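What follows draws every value from the coordinates through simple rules; no lab data is involved. This is a predicted model, so every value here is computed, not measured. Glycine also receives a Cβ, built like all others from the backbone with ideal geometry; neighbour counts cover every protein chain displayed.
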Amino acid sequence: MKSIAFGQYYPADSILHRLDPRIKVILTVLYIVCSFLCKNIISFALLLASALLLIAAGKIPLKVILRGLRPVLIILIFTAFLNIFWTKGETLLFGWRFIKIYAEGLYAAAFILVRIATLIIGTGMLLTYTTTPIALTDALEDLLSPLKKLHVPVHSFAMMMTIALRFIPTLTEETDKIMTAQKARGADFSEGSLVKRAKALIPILIPLVVSAFNRAEDLAIAMECRCYHGGEGRTRMTVRRLRFVDFIPLALVLLLGASLILLNILGFGYTMR
Amino acid sequence: MSELKLENLSYFHGKGTPYEIKALDGIDLVIPRGMITGLIGHTGSGKSTLVQMFNGLLRPDEGRVLLDGVDIWEKPKTIRQVRFRVGLVMQYPEYQLFEETVAKDIAFGPRNMGLGEEEIRVRVEEAAAFAGLDRALLDKSPFDLSGGQKRRAAIAGIIAMRPEVLVLDEPAAGLDPRGRDEIFANIVRYQESTGSTVVIVSHSMEDMARYCDNLVVMNGGKVVMQGDRDYIFSRSERLSEIGLDIPQVTRLMLRLKEMGVETDGGIYTVEQAVEKMLKLYGR
Amino acid sequence: MKEPFVETRELSYRYESADAAEPRVLRDLSVTIGKGEFVAVLGHNGSGKSTFAKLLNMILTPTGGKVFVMGKDITDENMTDEEVLALRKRMGMVFQNPDNQLVATIVEDDVAFGPENLGVPSKEIRRRVDEALSELGMSDYATHEPHRLSGGQKQRVAIAGILAMLPDCIIFDESTAMLDPVGRKEVMDAVVRLNREKGITVIMITHYMEEAALADRIIVLNDGRVLLDGSPEAVFEEEALLRSCGLAVPQCTELVHRLREAGIPLDGACVFPEQCAELIMKSLNKER
């Protein structure tokens, strides 16, 4: 938690790191749509290729990506398992008593695996690994700003996000300190029943909440002294201007989407229903 | 009245990661029983890490911590017992307060020790008195106290465990001069009446010079000097070199020495300086 | 006297409390602080010094009396939002806890926060941020995360954040109380420079004598009233009075007082060791 401040941002100098965060948010949405457009073997192959291309473009080590996939491994295996044994088709490959495995089942399992994996890789490469949380917050504020007309407090939400990101490491450190202080008074967090252990958290939670409130009060005063008065009339130091190169990836993803639709119309091999 | 001894102790922050830093480096140290020892060093010198070794909050990577000759990590399962014997008041300890009343909060440590209600009551009152906390405050919420009172309540919470060794990390940080003097006076009174071993960590050399019999100077994770006050301050030029804030009168004496006056840096209180100057003036 | 910057007239403050016996934190305080002055406000905890600072910046509203900034009555209830912002822009404030005043996750974004709120054009913000960071010696840390900095560095970022609003005056509300000696020195060096070189009026709330000694003028508050007001040399002469309200004098000043009591002729006041050494040398040479 201390070495990686928050999120999974992986600092590097790559095309994806430099890409405008607003474009990245749009690309992520489009990419998710694309993954759901895939229906046959060639489109899934294309999807997989695009995911590999993204990894290369973001200069993120494969090890990091695989580590990111680890938490969903169980889900991946489970859904693959379900698809293999429960999909009924026409080409029976293997049959023993009630266990019947069809070719369609294998296809379905493979497709689902590719879809989930590329979804995770895609959003990871486009957003979490290559975009700092603060750039992401700014991008969302920009993209959602039309909602301000509908009186949605977009700026306030973005400000809240920023402050949360700023204080997560501070509060983590504070939790550590409080735990150490209570341990020095003989508090025991590792032994006893669940109820006992939950009770042992009270000496940590109360001081933490009290301190968080104090900090919030201090911060509110400090912000007021620095002339904060909401989003109105506010300017920004870094104004991101879209450059021509920012549109190239957008065009590429649109092209990918168009080819996927075309492939669906033509139809190749096993097609998912 | 116990003696703490560290033998060839080393500790790494982030052991096994690429960010590994040697925080403590081959420390050999004896904290003598029954007196106040001052631990001096600037931020990052390792002093706050070191005090967490004293009561087993951190486990050394190399070397041993001996409490009355017994390695505190001999039976890791009973390390909690060591924390009752070596009481540690952390920096800005007021953030540890959490109970409904000050009395209950002071009782937290003794209760963890498994003591009986009557014993706890006696200890809470005793500890509050030692820490200079008014009895009337015991039934108040700790969150309604002033900054200085909170600090004392937190210190009382450790004293109530009746530790054989009391360690205080920057007990007066952030307090005004009167608050500082009161906290230190209470610590001295506590030491004198119980005869316990006390360790004070601070970067204020003026306070250390005033209250500690024995001094330990740390720099870069190592103990660079240890000895009694006079010995340590006789080497005040060295203290200044490692970036410590030496007392103003000591600075004055060093300056006078540079100007050719027959004096030295071994003077650290106004009384000593007055005496020395009167001698120089021949009175 | 220089042109007045802040002026308080019979300023009073009482915390709202059901307890009518609750004493007033500030009682009829009338002080004038000149433009470009460096004033230290000394006092023990509870002397009202922090309340005083908060009244000057309209964080608190006085229960009696008035505050004028550049001749404008800031206690006027009819002040418009624009006027309030304009005032806060002129009077920056740096607080005690370095962690609780930084807003952004990147140093330079934090420094930009004030000017952004003021609607300064982007290019101008960039220029001010770079200048403020270099002024405080923090340029190398522009893209660092604040929570990884030392206390002294965090406070310097906070000062840069105020400086980027181009203030006339900065109030430091015990801004060094939580720092170690190294951090304190970093901050004090910056404060002195801002005052001497940039002509910024400094109001420094503190209980460290050695910091107050750096000011042009010291105001000592006790029980919500002005106890002493004058140059550091003059104020530290009143050793007994300072002690009676829980304050101490620097060791060197005390030494000179004690020597004088012992009949050694030492002329002039002294606050710093260098000054004191000169003084003693002069008198020693005379004796011989």
Checklist outcome for this item: Per the C-alpha gyration tensor (a ≥ b ≥ c, the square roots of its eigenvalues), chain B is rounded if a/c is under 1.5, else prolate if a/b beats b/c, else oblate; here it's oblate
Item to check | For chain A: rounded, prolate or oblate by the Cα gyration tensor [a/c cutoff 1.5] | outcome: oblate
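Can you tell me what the convex hull of the Cα atoms of region C:103-238 projects to on average, as an area in nm²?
Working: hull surface 36.2 nm².
Reported value for the Cα convex hull: 9.1 nm².
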Item to check | Other protein chain Cβ atoms within 10 Å, averaged over every residue that makes up C:147-156 | outcome: 2
Checklist entry - Sorting A:W86, A:W96, B:W73 on the 10 Å Cβ count, fewest up front, what's the list? => result A:W96, A:W86, B:W73
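Loop-only GluC sites (Glu not before Pro) in region B:5-72, please: DSSP not H, G, I, E or B, and at most 15 other Cβ atoms within 10 Å. Present the calculation step by step, with values, prior to reporting the outcome.
Numbers: sites: B:E7, B:E20, B:E62; in loops: B:E20.
Passing sites in region B:5-72 are B:E20.
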Checklist entry - Where does chain C land at 222 nm, in deg cm²/dmol rounded to the nearest 500, when only DSSP H runs of n ≥ 4 count, each adding -39500 (n - 2.57), divided by all residues? => result -12000 deg cm²/dmol
Checklist entry - Once you put a point 7 Å from the Cα of B:V70 and another 7 Å from the Cα of A:R18, both along the Cβ direction, what distance in nm separates them? => result 6.6
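Hey, what's the per residue convex hull volume over the C-alpha atoms of region A:13-161, in cubic angstrom?
Residue-normalised Cα hull volume stands at 149 Å³.
What value, in deg cm²/dmol to 500, does the helix sum -39500 (n - 2.57) over DSSP H runs of n ≥ 4 give at 222 nm once divided by the residues of chain A?
Calculated mean residue ellipticity at 222 nm is -22000 deg cm²/dmol.
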Checklist outcome for this item: Going fewest to most other Cβ atoms within 10 Å around each Cβ, B:T17, A:T137, C:T32, C:T75 line up as B:T17, C:T32, C:T75, A:T137
Checklist entry - Helix A:244-266 versus the longest principal axis of chain A: what angle, 0 to 90°, nearest 10, using Cα atoms? => result 40
Checklist entry - Picking from B:G260, B:G87, B:G46, which is most flexible by a Gaussian network model of chain B using Cα springs under 10 Å? => result B:G260
Checklist entry - Amide H to amide H under 5 Å from B:T197: which residues, 5+ apart in sequence or cross-chain, H placed 1.01 Å off N in plane? => result B:S2, B:G34, B:L166
Checklist entry - So which residue, out of B:E125, B:E192, B:E164, gets the largest mean-square fluctuation from a GNM of chain B using Cα contacts under 10 Å as springs? => result B:E192
Checklist outcome for this item: Note to self: C-alpha centroids of region C:99-165 and region A:192-207 sit apart, in Å, by 40
Next on the checklist: Could you work out the percent of alpha carbon pairs in region C:4-249 separated by over 22 Å, rounded to a whole number?
Outcome noted: 54
Checklist entry - Counting each DSSP H run of 4 or more residues in chain B as -39500 (n - 2.57), what helix-only mean residue ellipticity at 222 nm follows after dividing by all residues, to the nearest 500 deg cm²/dmol? => result -11000 deg cm²/dmol
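If you take the beta carbon distance between B:E7 and A:T91 as r and set R0 to 56 Å, what does 1/(1 + (r/R0)^6) give as a FRET efficiency, to the nearest 0.05? Kindly include the intermediate steps, with their values, before the conclusion.
On the way: r = 74 Å, r/R0 = 1.32.
E between B:E7 and A:T91, to the nearest 0.05, is 0.15.
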Checklist outcome for this item: For region C:63-79, in residue order, the Karplus 3J(HN,Hα) values (coefficients 6.51, -1.76, 1.60; θ = phi - 60°; whole Hz; Gly and Pro = x) are 8, x, x, 9, 10, 10, 10, 6, x, 9, 6, 8, 8, 5, 5, 8, 5
Next on the checklist: Need the C-alpha centroid separation for region C:178-196 versus region B:208-283, integer Å.
Outcome noted: 24
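State, as an integer percentage, the relative contact order of region B:4-229 based on alpha-carbon contacts under 8 Å between residues 6 or more apart. Walk me through the numbers before you get to the answer.
Numbers: 447 pairs, mean separation 66.9, N = 226.
Relative contact order, region B:4-229: 30 percent.
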Item to check | Distance from region B:12-71 to region A:152-176 (C-alpha centre basis), Å | outcome: 35
Checklist entry - By count of other Cβ within 10 Å, fewest leading, how are B:M161, C:M178, C:M79 ordered? => result C:M79, C:M178, B:M161
Item to check | Cross-link partners of B:K257 among aspartates and glutamates (Cα-Cα below 17 Å; sequence separation of 8 or more within a chain) | outcome: B:E237, B:E241, B:E275, C:E274, C:E278
Checklist entry - Within a Cβ distance under 14 Å of C:D267, other residues only, what is the Lys/Arg minus Asp/Glu net charge? => result -1
Checklist entry - Of B:K257, B:K47, B:K150, which is the most mobile in a GNM of chain B whose springs link Cα atoms less than 10 angstrom apart? => result B:K257
Item to check | For C:R217, residues with placed amide H under 5 Å, excluding near neighbours | outcome: C:F38, C:A40
Checklist entry - In Å and whole numbers, how far do the C-alpha atoms of region A:225-264 stretch along each principal axis, longest first? => result 59, 21, 12
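Please say if the protein assembly as shown is rounded, prolate or oblate, where rounded means a/c under 1.5 for a ≥ b ≥ c the square roots of the C-alpha gyration tensor eigenvalues, and otherwise the choice is prolate for a/b larger than b/c and oblate otherwise?
Values: a/c = 2.22, a/b = 1.54, b/c = 1.44.
Taking the square roots of the gyration eigenvalues as a ≥ b ≥ c, the protein assembly as shown is prolate.
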Item to check | Isolated Cys residues of chain C, judged by Cβ distance under 4.7 Å to other cysteines | outcome: C:C169, C:C245
Checklist entry - Cross-link partners among lysines for B:K15, C-alpha distance below 16 Å, same-chain residues fewer than 8 apart left out? => result A:K2
Next on the checklist: Give the residue list of GluC sites (Glu not before Pro) in region A:182-236 that are DSSP loop and have at most 11 other beta-carbon atoms within 10 angstrom.
Outcome noted: A:E191, A:E232
